[in-house]
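What follows is a short report on a single structure.
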Amino acid sequence: MNIDELKKLLQSPENEHIKYKEAKTLYDVKKLMKYCVAFANEGGGQLVFGVNEQRKMIGTQVFKDTGAIKSKILEKLRIQVDIVELQEDNKRVFVLNI
């Protein structure tokens, strides 16, 4: 995924396969795990951090160590995820593909 693909994705409303989270500085790992299970049960999806309710990029500081969170999800849930970090105008967006 690149920044243009993210902008196209942001045109889509939330549904059972995509959720947007503002999560400026913190996000509960237990909630993250629940989303991973829910998306896996629905056949996959994307959890996008650093996006507000209007689907505008605001940036996030959560899960800076993407390798660690990816490993934690695999260890706890046995679910393989892909992580993409994108930046535009000094705003980091974190996309978790489940």
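Remarks
- Selection of the stretch 4-14 for residues being closer than 20 Å to Tyr35 by Cα and loosely packed, with under 11 Cβ neighbours inside 10 Å yields only Pro13.
- Restricting attention to the stretch 32-47, the residues that are polar (S, T, N, Q) and within 13 Å of the chain's Cα centre (by Cα) total 1.
- So Glu53, is it out of contact with any helix residue (DSSP H, G or I) (no Cβ under 9 Å at 6 or more places or on another chain), surrounded by fewer than 16 Cβ atoms within 10 Å (Cβ to Cβ) and at pLDDT 95 or above: no
- For the stretch 14-25, filtered to residues that are in contact (Cβ under 8 Å) with a residue 12 or more places away in the chain and over 13 Å from the mean Cα position of the chain (by Cα), the residue that is nearest to Lys91 (Cα to Cα) is Thr25.
- Any hit, the stretch 85-98, residues being open to solvent by less than 30 Å² (accessible area, probe 1.4 Å), modelled with pLDDT under 95 and either aromatic (Phe, Trp, Tyr) or within 22 Å of Glu16 (Cβ to Cβ) (or both): yes
- Single residue of the stretch 15-33 satisfying the filter (open to solvent by 90 Å² or more (accessible area, probe 1.4 Å) and out of contact with any Asp or Glu (no Cβ under 7 Å at 6 or more places or on another chain)) that is nearest to Ile58 (Cα to Cα): Lys24
- Taken over the stretch 2-35, the criterion of being of a type in the set (Asp, Glu) and closer than 17 Å to Ile69 by Cβ is satisfied by Asp28 alone.
- Here is the figure for the stretch 40-50: residues that are open to solvent by less than 60 Å² (accessible area, probe 1.4 Å) and either touching a Ser or Thr at 6+ places or on another chain (Cβ under 9 Å) or more than 16 Å from Phe63 (Cβ to Cβ) (or both) total 5.
- As a summary of the residue check, Ala68 satisfies the conditions (1) in contact (Cβ under 8 Å) with a residue 60 or more places away in the chain; (2) exposed (fewer than 15 other Cβ atoms within 10 Å of the Cβ); (3) of a type in the set (A, V, I, L, M, F, W, C) except for the one numbered (1).
The values are calculated or read from the model by the stated rules, or taken from the named source; none is laboratory data. Because the structure is predicted, anything quoted here is derived from the model rather than measured. In this analysis, Cβ positions are derived from the backbone assuming ideal geometry, glycine residues included, and neighbour counts consider all displayed protein chains. The area values use the complete protein model at the heavy-atom level, side chains included, leaving out ligands, DNA and RNA. Shrake-Rupley method; radii C 1.70, N 1.55, O 1.52, S 1.80 Å.
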